[in-house]
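These notes are about the structure you will find just below.
The values are calculated or read from the model by the stated rules, or taken from the named source; none is laboratory data. Since the model is a prediction, treat every value here as computed from it, not as a measurement. Virtual Cβ from ideal backbone geometry, glycine too; neighbours counted across all protein chains shown. We work out accessible area using only protein heavy atoms, side chains counted, and drop any ligands, DNA or RNA first. Shrake-Rupley method; radii C 1.70, N 1.55, O 1.52, S 1.80 Å.
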Amino acid sequence: MSDWHDVGALADLERDGHVIARVGGREIGVVSLGGELRGVRNRCPHHGGPLCLGTVRERVVGEPGHYAFAGSSVLRCPWHGWEFDPVSGRCLDDASMRVAVYPAKAVDGRVLVQA
(Lines give C-alpha, C1' and ligand atoms only; values in the text may rest on other atoms or scores of the structure.)
Protein backbone atom coordinates (compact mmCIF):
# COMPACT_ATOMS: atom_id res chain seq x y z
CA MET A 1 0.00 0.00 0.00
CA SER A 2 1.28 3.47 -0.87
CA ASP A 3 1.68 6.24 1.68
CA TRP A 4 0.35 9.80 1.57
CA HIS A 5 3.09 12.43 1.19
CA ASP A 6 2.86 16.16 1.92
CA VAL A 7 3.92 17.99 -1.27
CA GLY A 8 3.08 21.59 -0.42
CA ALA A 9 0.61 24.21 0.69
CA LEU A 10 -2.89 24.36 -0.76
CA ALA A 11 -2.46 28.16 -0.98
CA ASP A 12 0.55 27.65 -3.29
CA LEU A 13 -1.46 25.30 -5.52
CA GLU A 14 -4.30 27.81 -5.71
CA ARG A 15 -1.90 30.67 -6.49
CA ASP A 16 0.45 28.91 -8.94
CA GLY A 17 -1.82 26.24 -10.44
CA HIS A 18 0.51 23.46 -9.26
CA VAL A 19 2.77 22.23 -6.48
CA ILE A 20 5.77 20.03 -7.22
CA ALA A 21 7.87 17.89 -4.86
CA ARG A 22 10.24 14.95 -4.94
CA VAL A 23 8.57 11.78 -3.61
CA GLY A 24 10.44 8.48 -3.52
CA GLY A 25 13.00 9.63 -6.08
CA ARG A 26 10.35 10.92 -8.51
CA GLU A 27 9.25 14.49 -9.08
CA ILE A 28 5.46 14.61 -8.75
CA GLY A 29 3.23 17.60 -9.30
CA VAL A 30 -0.34 18.16 -8.19
CA VAL A 31 -2.76 20.14 -10.34
CA SER A 32 -6.40 21.06 -9.82
CA LEU A 33 -9.14 20.03 -12.25
CA GLY A 34 -11.99 22.30 -11.26
CA GLY A 35 -11.35 21.61 -7.59
CA GLU A 36 -10.42 17.93 -7.94
CA LEU A 37 -6.73 17.36 -7.20
CA ARG A 38 -4.63 14.99 -9.33
CA GLY A 39 -1.01 13.97 -8.89
CA VAL A 40 1.04 13.66 -12.09
CA ARG A 41 4.65 12.61 -12.68
CA ASN A 42 6.43 15.84 -13.59
CA ARG A 43 8.18 14.43 -16.65
CA CYS A 44 6.66 14.49 -20.11
CA PRO A 45 7.41 11.16 -21.82
CA HIS A 46 7.80 12.96 -25.16
CA HIS A 47 11.09 14.78 -24.43
CA GLY A 48 11.30 14.97 -20.63
CA GLY A 49 9.77 18.42 -20.19
CA PRO A 50 8.43 19.63 -16.82
CA LEU A 51 4.85 18.56 -17.49
CA CYS A 52 3.29 20.08 -14.36
CA LEU A 53 4.56 23.54 -15.31
CA GLY A 54 2.18 23.35 -18.27
CA THR A 55 -1.42 24.48 -18.30
CA VAL A 56 -4.61 22.70 -17.30
CA ARG A 57 -7.43 23.60 -19.64
CA GLU A 58 -10.52 22.20 -21.26
CA ARG A 59 -9.84 19.90 -24.21
CA VAL A 60 -10.68 21.41 -27.60
CA VAL A 61 -11.50 19.18 -30.58
CA GLY A 62 -12.35 19.88 -34.18
CA GLU A 63 -10.83 21.28 -37.32
CA PRO A 64 -9.97 24.80 -38.46
CA GLY A 65 -13.05 26.99 -38.18
CA HIS A 66 -15.11 24.37 -36.28
CA TYR A 67 -13.94 23.83 -32.72
CA ALA A 68 -15.79 22.51 -29.68
CA PHE A 69 -14.98 21.79 -26.06
CA ALA A 70 -14.70 18.06 -25.39
CA GLY A 71 -15.94 18.31 -21.80
CA SER A 72 -12.72 17.12 -20.17
CA SER A 73 -9.54 18.77 -18.91
CA VAL A 74 -6.04 18.21 -20.26
CA LEU A 75 -2.56 18.96 -18.96
CA ARG A 76 -0.56 20.55 -21.77
CA CYS A 77 3.23 20.21 -21.71
CA PRO A 78 4.97 23.61 -21.79
CA TRP A 79 7.74 22.42 -24.14
CA HIS A 80 5.90 21.02 -27.18
CA GLY A 81 2.21 21.26 -26.30
CA TRP A 82 1.53 17.53 -26.00
CA GLU A 83 -1.69 16.93 -24.08
CA PHE A 84 -2.29 14.38 -21.34
CA ASP A 85 -5.41 13.30 -19.49
CA PRO A 86 -4.52 14.10 -15.85
CA VAL A 87 -6.95 11.43 -14.61
CA SER A 88 -5.78 8.42 -16.67
CA GLY A 89 -2.31 9.64 -17.71
CA ARG A 90 -3.08 8.85 -21.36
CA CYS A 91 -1.40 11.02 -23.99
CA LEU A 92 -4.00 12.44 -26.37
CA ASP A 93 -1.39 13.04 -29.09
CA ASP A 94 0.21 9.57 -29.12
CA ALA A 95 -1.62 6.57 -27.65
CA SER A 96 1.68 4.75 -27.02
CA MET A 97 2.68 7.35 -24.37
CA ARG A 98 1.33 7.88 -20.89
CA VAL A 99 2.38 9.55 -17.70
CA ALA A 100 2.04 8.15 -14.17
CA VAL A 101 -0.85 9.63 -12.18
CA TYR A 102 -1.51 9.52 -8.43
CA PRO A 103 -4.42 10.22 -6.09
CA ALA A 104 -4.16 13.60 -4.36
CA LYS A 105 -6.16 15.49 -1.76
CA ALA A 106 -6.09 18.58 0.45
CA VAL A 107 -6.09 18.21 4.24
CA ASP A 108 -5.82 21.11 6.68
CA GLY A 109 -4.37 23.47 4.08
CA ARG A 110 -1.76 20.97 2.84
CA VAL A 111 -1.64 19.02 -0.44
CA LEU A 112 -1.07 15.28 -0.12
CA VAL A 113 -0.28 12.77 -2.87
CA GLN A 114 -0.42 8.99 -2.59
CA ALA A 115 2.69 7.41 -4.09
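Structure data summary
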quantity: Mean accessible surface per residue for the chain, computed with a 1.4 Å probe while every protein chain stays in place, in Å²; calculated: 56
quantity: Protein accessible area in the chain, 1.4 Å probe - carbon and sulfur %; calculated: 48
quantity: The chain: calculated mean residue ellipticity at 222 nm from DSSP helix runs of at least 4, using -39500 (n - 2.57); calculated: -1500 deg cm²/dmol
quantity: Dipole axis of the chain (+1 Lys, Arg; -1 Asp, Glu on Cβ), positive-most option in Leu10, Val107, His46; calculated: His46
quantity: Residue list for the stretch 2-43, given a label point 7 angstrom along the Cα-to-Cβ vector of Trp79 and an amide N cut-off under 15 Å; calculated: 27, 41-43
quantity: Computed label-point distance, nm, for sites Ser88 and Gln114 using a 7 Å Cα→Cβ extension; calculated: 2.0
quantity: Under 14 Å, Cβ to Cβ, from Ala21 - net charge with Lys/Arg +1 and Asp/Glu -1; calculated: 0
quantity: Highest average packing first - 89-98, 48-57, Cβ atoms within 10 Å; calculated: 48-57, 89-98
quantity: Share of Cα-Cα pairs in the chain lying beyond 16 Å, as whole percent; calculated: 57
quantity: Magnitude of the charge dipole, the chain, Cβ model with Lys/Arg +1 and Asp/Glu -1, debye to 20; calculated: 200
